[in-house]
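Input: a single structure, listed below in structure tokens.
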Amino acid sequence: MKEKIAQLKEQFNQRIDPIEHRDELERVKNEYIGRKGYVTQMLKEIALIPKEDRPKIGQLLNKTKQEIQHIISEKEKNFSKQVGKSKEIFDITIPGRNFGMGTVHPIELILRQTQEIFLGMGFRFVDGPEIELDYYNFEGLNIPKDHPARDDQDSFYINPEVLLRTQTSPMQVRTMEKQPAPVRIISTGKCYRRDSIDSTHTPMFHQIEGLAVDKDISLSDLKGVITEFCKQVFGKDRKVRFRPGYFPFVEPGAEVDVSCGLCNGKGCRSCGHTGWLEIMGAGMVHPNVLEMAGYDSEKLTGFAFGMGVERIAMLKYGINDIRLFFENDLRFLTQFK
Ligand code: PHE
């Protein structure tokens, strides 16, 4: 029996040394000192040896069991200390995975800059629905059902009275209905039109709308605000011009151009050899629109403007295809850091 115990100890020593994994250690622990382990087995065998030998052998076996226990718990402690080195537990010295921090989308960049500029001029920001009533999108903007101006803004209709808004101008009407003058708001967001996709058209795009209504608001207020905006977005040296333009909800109405930054207004391919780039529609709020919203058009006047965000971004950053904004190509998007 003595021999057997010595052998067991010897065998255990050989097993324990090369162990590198916690689960292997656990297995060996069970094999030797577990409920059905070798040592337990041998303790039971003591009953079979001559009575006078039992105490000695019992002592020896118990001592061996304690030694085995000690060696195993030392090894366990070692494993806990080696967290960094051990293969089974993660290595804190390995460089972390790249989480791929995103960049702000160029459309969002323009929206943020625009909001900042107009907030600085005393405008308030209002948000409106993309699913809009025909009344706010057209009717309340002086565009009745049979008006030819609707042809340019065919939309996606949910039913004859509900559509995806074709412009942010409905927020003019919604705001005036809700509050008395003075009004100074800007509203931005997605708009939808039934357009075929090409380098300058997508059926979804973004607009920025502005409206100011008060006593004695004049065309020169509009020109001042727009000119300041253009200079802040495109640069101080850029010129701004207003051409007559038609929108049913403004009178007089204007198209606003900014001088071409590539040729400094001399004329080049990018501005169609005119020296000017069209950037927005604007004008003095039509008296019909004021009246329909419940304002007294004898006492109040106002101006409004609306522009496409994609167009502003394309001109500002020199982007030649609107589709780039929506293809989510990282080679494009990460250029706007
Ligand atoms: N909503 C017009 C458009 O989408 C732009 C505009 C807004 C024109 C406000 C005049 C005043 O074309």
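The values are calculated or read from the model by the stated rules, or taken from the named source; none is laboratory data. Everything numeric in this text was worked out from a predicted model, so none of it was measured. Using ideal geometry, Cβ is built from the backbone for each residue, glycine included, and neighbour counts are taken over all protein chains shown. With ligands, DNA and RNA removed, areas are computed over all heavy atoms of the protein, side chains included. Shrake-Rupley method; radii C 1.70, N 1.55, O 1.52, S 1.80 Å.
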Self-check item: Cysteines without a disulfide-compatible partner [the chain; Cβ-Cβ under 4.7 Å]
Solution: Cys191, Cys230
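Lys190 to Phe90: FRET efficiency via 1/(1 + (r/R0)^6), r the Cβ-Cβ distance, R0 45 Å, to the nearest 0.05? It would help to have the intermediate numbers written out before the result.
Numbers: r = 44 Å, r/R0 = 0.97.
Working from the Cβ atoms, E equals 0.55.
May I ask you to derive the relative contact order of the chain, considering only C-alpha pairs under 8 Å and at least 6 residues apart, and to give it as an integer percent?
Details: 499 pairs, mean separation 48.8, N = 337.
Relative contact order, the chain: 14 percent.
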Quiz item: Got a number for the accessible area of Arg15? Probe 1.4 Å, square angstrom, nearest 10.
Solution: 90 Å²
Quiz item: Quick one: Karplus J couplings for region 248-261, per residue in order, coefficients 6.51, -1.76, 1.60, θ = phi - 60°, nearest Hz, x for Gly and Pro?
Solution: x, 9, 10, 7, x, x, 9, 9, 9, 10, 10, 5, 5, x
Practice problem: Could you check what % of the DSSP bridge pairs in the chain are antiparallel, to the nearest 5? | Solution: 95 percent
Self-check item: FRET efficiency, Tyr157 to Gln115 (Cβ-Cβ, R0 25 Å, nearest 0.05)
Solution: 0.25
Quiz item: Taking a probe of 1.4 angstrom, what is the accessible area of Met292 in Å², to the nearest 10?
Solution: 80 Å²
Quiz item: GNM on the chain, C-alpha springs below 10 Å: top fluctuator among Glu67, Glu291, Glu251?
Solution: Glu67
Quiz item: Among residues other than Gln11 whose Cβ falls under 11 Å from its Cβ, what is the net charge (Lys/Arg +1, Asp/Glu -1)?
Solution: +1
Practice problem: With springs only between Cα atoms under 10 Å apart, run a GNM on the chain and tell me which of Asn137, Asn288, Asn62 wobbles the most. | Solution: Asn62
Exercise. With springs only between Cα atoms under 10 Å apart, run a GNM on the chain and tell me which of Ala304, Ala313, Ala47 wobbles the most.
Key: Ala47
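Tell me the relative contact order for region 279-329 as a rounded percent, counting alpha carbon contacts under 8 Å between residues six or more apart. Working shown, then result.
Working: 39 pairs, mean separation 18.4, N = 51.
Reported relative contact order: 36 percent.
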Quiz item: Got a sec? What order do His70, His201, His273 fall in by accessible area at 1.4 Å, biggest, i.e. largest, first?
Solution: His273, His70, His201
Practice problem: Mind putting a number on the dipole of the chain about its Cα centre? Charges go on the C-beta only, +1 for Lys and Arg and -1 for Asp and Glu, and I need it in Debye to the nearest 20. | Solution: 2380 debye
Self-check item: Accessible surface of the chain [probe 1.4 Å, protein heavy atoms]: carbon and sulfur percent
Solution: 51 percent
Exercise. Search the structure for amide H atoms under 5 Å from the amide H of Gly189, placed 1.01 Å from N in the peptide plane, and list their residues when 5 or more places away or on another chain.
Key: Gln207
